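Right, one structure below, let's go through it.
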Amino acid sequence: MSDQQLPQVLQIKKYPNRRFYDATRSRHVTLQDVHNLVRQGQDVVVTDSRSGTDITNLILLQLILDREEGKVDLLPTSLLTAVLRNEREVLRTLLRQPLFPDVEEVAAAPLSCAAAAG
């Protein structure tokens, strides 16, 4: 299967030794590979190899914070501290009101901007 014919969602397994395995294409990948796939528009689901738990959001957050310089500074220290101290209540309060009027519209915005520029 070539990269041009990728399935809708790639199944990635994360092993305890911090290695990733693309179960869909039967090959090892790096965290940087996962980053590149997502940036290119590929959907991925990452599961813990031992428990089978879906850890996609954890990996995506890690990529956002580790791989995208300057993003960690977008959140004030006071907010991060409050989340750590009162996780459920702070997150519940934050998530009661939508951050964006139309999340799908915002998610598609970078693709629209790239298409208009190119």
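Can you give me the long-range amide H partners of Thr47? Hydrogens built in the peptide plane at 1.01 Å from N, cutoff under 5 Å, separation of 5 or more residues or another chain.
Counting only residues 5 or more places away or on other chains, the set is Ile12, Lys13, Lys14, Ile55.
Which GluC sites (Glu not before Pro) from region 33-87 combine a DSSP loop assignment with at most 16 other Cβ atoms within 10 Å?
Numbers: sites: Glu68, Glu69, Glu87; in loops: Glu68, Glu69.
Answer by residue number: Glu68, Glu69.
Values quoted throughout were computed directly from the atomic coordinates according to the rules given, and no laboratory measurement underlies them. For clarity, every value in this text was computed on a predicted model and none was experimentally measured. Don't worry about glycine lacking a Cβ; one is built from the backbone with ideal geometry, like all the others, and counts go over all protein chains shown.
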